[in-house]
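See structure below.
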Amino acid sequence: MGIDRGITTFAQCSDGKAILGISPLKKNLKKLAKLQRKLSRKKKVSANWRKTKLKIERLHNHIANLRKDFLHKTSTQLAQSHSLIVMEDLKVGVMAKSAKGTKENPGTNVKAKSGLSRSILDQGWQMFQQFLSYKLNWRGGELILIPPKNTSLKCRLCGHIAKENRINQAKFQCIQCGHTEGADLNASINILAEGHSVLACGVEALASTTKQELLIRKLATV
C-alpha cells in the first residue's frame, strides 16, 4: 500500500482509505497560550510561578502522550493488515525548519510558514515512520521510502507531470488526459507504483548479481 502523509488527512492510503489526524497541539494551543501568558505575569521562581510552570509541563506531556497513542494505534493497524508499505522519504526536519530565517536573510510570509511548520511537527510524521518500520519488520514486512519528487504532480493514469495538474491543495486534474481525482489519492497511488519499481529493480539487481556469482564459480571450475 502507498501512503501520502498530510496535515488535515494524516495518511491517504492508495486503497482509498483516509486516516484523519488528531492534531493534539492545535487542539490545546489556546489553553497552552493562556498558561504561558499567566506564567509571564508571575514572579520568577515564586510558588505561583512554579505551579503554573508545572501545569504547562503536564499539558505538554498530555499532548505528547495523545500523539504517541494515536501513532502507535495507527501504525499497528497498518502493519497488521499490510506486508509492504511505501511512503515518501520526507526530510521532516528541513520541512519544519524555522521560517524566520536569519538577520542577513530574513524569512518571508513568516506567520503562515510558522503555522505550517507547527502543523507538520504536530502530526508526528517521523515518529510514525519509525513505528511503522519496526512493526512491519517484526511481522516480516517492509517499509520502502521513495524520493518525493513529482509524486503530487504526476498523473497516475498517463504519467504526465505538470504544476498545472494541481488545481488546488485538494484536487488533481491532469491537463493532458483530463483525469480528475483527489490530489492525495493520486499521490498515494503514484507512491505505491514507485515503490513497486524500486522493489522490482532491487530484485532484478539481486538476480543479476547471483548470475554473475554462478558464472564466476563455473569459470573457476573449468
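Descriptive notes on the structure:
- Other residues within the sphere of radius under 11 Å centred on the Cβ of Q123, judged by their own Cβ, net out at +3 (K and R +1, D and E -1).
- Under the Karplus curve 6.51 cos²θ - 1.76 cosθ + 1.60, θ = phi - 60°, whole-Hz ³J(HN,Hα) for region 42-59, x wherever Gly or Pro sits: 8, 6, 4, 6, 6, 4, 5, 5, 5, 4, 5, 4, 5, 5, 5, 5, 5, 5
- Taking other Cβ atoms within 10 Å as a rough exposure proxy, W49, W125 sort from fewest to most as W49, W125.
- Mean Cβ count within 10 Å, highest first, over the residues of peptides 8-18, 181-191: 181-191, 8-18
- C-alpha center-to-center spacing [region 13-86, region 121-180] in angstrom: 25
- Highest-first packing order for the peptide set 163-175, 30-42 is 163-175, 30-42, based on the mean count of other beta carbon atoms within 10 Å.
- Across K27/K149; K30/K68; K73/K154, pairs whose alpha-carbon gap is larger than 26 Å: K27/K149; K73/K154
- Per-pair calculated FRET efficiency, R0 = 41 Å: Q36 and N137 via Cβ, rounded to 0.05: 0.55
Rule-based calculations on the coordinates, nothing more; no lab input. All figures in this text were calculated on a predicted structure; none of them were measured in a lab. Neighbour counts run over all protein chains shown; Cβ positions are idealised from the backbone, glycine included.
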